[in-house]
Amino acid sequence: MMKKRYDNIDLLKCLSTLMVISLHIPLWSDNFIKSSSIPQIIQYAFRLISEGVPFFVAVNGFLMLQKKSFDMKLHLRKMGRIFGLFVLWAEILICVSFALWGVPEELSPEQFIGYILDTKVGSPYTGVLWFLENLLGVYVVFPILWKIYQDDFSLFRYFFLIATVFVPGIGCLELIADAVSTVSQTTLIYSAIGFIKRFNSIGNGWYIYYFCLGGMIFHYLDVIKEKRFFLSSAGFLSWLFAFTYGYLMSVKTNTLYKDSFNYGSVFMVIFIIGVFALTIYFQGNKNIFTRIICDIGKNSFGIYVSHTIFIQIIAKNYS
């Protein structure tokens with residue numbers, strides 16, 4: 001089962017890269033409530049599955065947890081390099097933004113460091129690096145996950161089950177509560193969800209979960225091949241259900257239901273498995289097109305951290 005490279009992994013990384021770029025352009029004009037047009041309804045549907053980060057993290061788990069050997073020193077060095085890249089790219093992104101849009105008045109060293117540390121989603125300078133920061137958080141506990149995965153998979157499966165309860169499980173309850181809130185009082189439901197959350201021991205929940213999901217996919221690779229049609233169909237249906245939920249919630253409240261909700265939903269979990277099953281027999285050397293796809297997949301990290309620079313340049317010169 002082991003081999004050096006999986007062509008479908010390169011395909012998934014390529015698709016994930018395109019998804020992320022589509023969000024940062026931004027490509028989707030999906031507020032169909034505001035304009036009530038069919039094209040925007042379609043864009044809302046595609047926006048829901050344009051969450052590339054869950055694919056990136058699952059692919060990372062797929063590749064790393066299957067390794068048969070582990071070297072702590074090499075792993076710590078890798079973490080150090082990732083942190084160094086994080087700081088370097090934060091400085092590059094800030095300086096490029098300054099060069100294009102101007103330097104804020106009275107910029108101090110403390111403010112510059114603050115811009116580096118401000119990596120939350122939507123940050124004007126380094127928001128794109130939230131992915132790298134959270135991935136580094138997973139790498140902190142990776143040695144433990146890898147040891148359990150290799151030595152006692154039943155224990156790893158137990159951990160994954162617990163994560164399923166507290167991550168997509170709670171996510172499902174929140175979706176149900178949002179739906180109920182359109183017709184009834186939900187104070188008690190949200191209180192119950194808050195009560196359950198206090199038992200959650202997984203801080204970096206969705207990142208850990210998607211990473212472990214990648215390991216589960218590798219372990220059950222043969223099953224996925226056998227159930228390929230069923231899982232691919234389930235993935236497509238999960239997209240349809242996510243869209244139906246978002247559409248009905250939007251219509252009911254007369255406000256566009258958050259188009260990013262599918263990042264942390266059970267729909268996305270099923271969609272990832274379905275897309276993996278659908279692409280499992282992809283071959284990267286069939287023609288020039290498939291080779292380009294694999295080349296993009298192999299260089300997805302560089303594209304991910306640098307694409308916002310090109311987007312800013314284009315916006316500056318053509319807006």
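Observations, loosely collected:
- The listed residues Tyr247, Tyr207, once ranked by accessible area (1.4 Å probe) with the largest placed first, stand as Tyr247, Tyr207.
- Convex hull volume of segment 8-115 per residue (C-alpha atoms, cubic angstrom): 165
- Over segment 1-153, relative contact order from alpha-carbon pairs under 8 Å, at least 6 apart, %: 20
- Based on C-alpha pairs under 8 angstrom that are at least 6 apart in sequence, the chain has a relative contact order of 32 percent.
- Long hydrophobic helices in the chain: the complete DSSP H runs spanning 30 Å or more by Cα along their own axis with mean Kyte-Doolittle hydropathy of at least 1.0 are 72-101.
- Percent of C-alpha pairs per 10 Å bin, segment 56-207, short to long: 9, 27, 25, 23, 14, 1
- Size of segment 140-240 from its Cα atoms: along the principal axes, largest to smallest, the extents are 47, 34, 20 Å.
- Farthest positive-ward along segment 62-167 dipole, Cα basis, beta-carbon charges - from Leu155, His75, Ser108: Leu155
- Helical contribution to [θ] at 222 nm, DSSP H n ≥ 4, -39,500 (n - 2.57), averaged over the chain, rounded to 500: -24500 deg cm²/dmol
- All C-alpha to C-alpha distances of segment 60-141, sorted into 5 Å bins beginning at zero, yield P(r) values of 3, 13, 21, 21, 13, 11, 8, 5, 3, 1, 0 percent in whole numbers.
- Largest first, the residues Ser250, Ser36 sort by 1.4 Å accessible area into Ser36, Ser250.
- FRET efficiency estimate (nearest 0.05) - Cβ-Cβ, Val223 to Gln150, R0 22 angstrom: 0.70
- Quick note on the chain: its Rg to Rh ratio, both from C-alpha atoms and Rh being the Kirkwood radius, is 0.97.
- With the highest mean first, a sort of the peptides 40-51, 229-240, 152-163 on other beta-carbon atoms found within 10 angstrom per residue produces 40-51, 229-240, 152-163.
- A Cβ-based charge dipole, computed about the Cα centre of the chain with Lys and Arg at +1 and Asp and Glu at -1, lands at about 940 debye.
- A crude spin-label estimate for the pair Ile196 and Val140, with each label 7 Å from Cα along the Cβ direction, gives 2.6 nm.
- Taking a straight Cα-Cα cut-off under 21 Å and skipping sequence neighbours fewer than 8 places away in the same chain, the lysines within cross-link reach of Lys13 are Lys3, Lys4, Lys67, Lys78, Lys225, Lys286, Lys298.
- Accessible area (Å², 1.4 Å probe, nearest 10) - Asp259: 40
- Segment 52-106 and segment 113-179 have Cα centres spaced 15 Å apart.
- Largest to smallest in accessible area, the residues His75, His24 fall in the order His24, His75 (1.4 Å probe, all protein chains included).
- In segment 167-212, inverting the average of 1/r over every pair of distinct C-alpha atoms gives 11.5 Å as the Kirkwood radius.
The values are calculated or read from the model by the stated rules, or taken from the named source; none is laboratory data. In this text, all values refer to a predicted model and were calculated from it rather than measured experimentally. Reconstructed Cβ throughout: ideal geometry from the backbone, glycine too, with neighbour counts over all protein chains shown. These area figures cover heavy atoms from the full protein model, side chains too; ligands, DNA and RNA do not enter into them. Shrake-Rupley method; radii C 1.70, N 1.55, O 1.52, S 1.80 Å.
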